[in-house]
Structure formats: structure tokens, C-alpha cells
Amino acid sequence: MKMLRNPSAFTLLEVVLSMVLVAGLLVSCMTAISRYQTTLAKAQWQARADAICDQLMTMWHASDDGLPLVTSGRVAADPNFWFRTRMVESRRLCGVPVAVMRLEIIHESALRSSRGQNEYLDAIAMSGVTYVRALPLNSIAAR
């Protein structure tokens, strides 16, 4: 018995190879879309963190208490973000004792992904600003 071959039909091997090729393209597209969405979310968080940093500095500058020393907490306007201030250094500037301070804005996702003992302190800031605040005259020993 003689087998008939239809030259216009695909063989099983050709069908399987085309399915593997299409599956590979589909996985590549899904990976690219996932990375795009992650990058877009991080960029939006970064822009929001910059805006929060600016709002906090404006609010503190306008308050009677002025810019804070060491403090931290949840941002009232957006509870997905936290803020912290820390003293970078203290020194005299033109004879006046000052503290060089750092305001940092942290997204909640950074807290969950932090692996240290104190996840709040180990979290990486999304935005920040360094500022100088005057200290009482007796707070730094004369140099």
C-alpha cells in the first residue's frame, strides 16, 4: 500500500515547532508587560513621594515649630507612605550650631520587602531632601 502525501498539509513536527515558537513569543510578551507595569508603578510612587516630600517641607516651613529634628510617622495625605527625619551630622556653620537633617519618604512596599531587624529603619527611601536646622547655642562644644 502506497502512502499518499499532500504537499500543502503541515507535518506534525512543523505544527509542534510553530506552537513552541508562538508559546515563546507569548511568554516574552507577558514578561515585557509585567516589567513595564512594575516600572510604571515604581515611577508613579517615586513621583508621589517627591510631591509628598515637597508638601511636608512646605507645611513644616510654614508652621510655628519650623523644620523638625528627628521624627517619623505615616503621611496623613497618603497612608501608603511613611516619612522619617534623621540627623546626618551636627556642626557649626559661621559660628552657629546647626544640624544637617535628612527627610526621607518611604513607600509601604519598601517596608514589606525590607529584611532587616527593624524594617522601618532598613527600608530604602523613595525620595528625600537634606536641610539645615539651627540648634541651641550650647548644643555643640566649641571647636
Check: What are the residues whose amide H is under 5 Å from the amide H of Leu135, where those residues sit 5 or more places off or on another chain and H is modelled from the backbone?
Finding: Val98, Ala99
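Take the Cα pairs of the stretch 5-72, get the Kirkwood Rh, then feed it into Stokes-Einstein at 37 °C and 0.692 mPa s and tell me D in µm²/s. Kindly include the intermediate steps, with their values, before the conclusion.
Details: Rh = 17.3 Å.
Here the translational diffusion coefficient equals 190 µm²/s.
May I ask you to order 55-67, 38-50, 76-88, 19-31 by the average number of other C-beta atoms within 10 Å around their residues, highest value first?
On the way: 55-67: 11.7, 38-50: 13.7, 76-88: 15.8, 19-31: 10.0.
The most tightly packed comes first, giving 76-88, 38-50, 55-67, 19-31.
A short reminder: the numbers here are calculations on the coordinates, not readings from a lab. As the structure is a computational prediction, the values presented were derived from the model and not from experiment. As a convention, Cβ positions derive from the backbone with ideal geometry for all residues, glycine included, and neighbour counts pool all protein chains shown.
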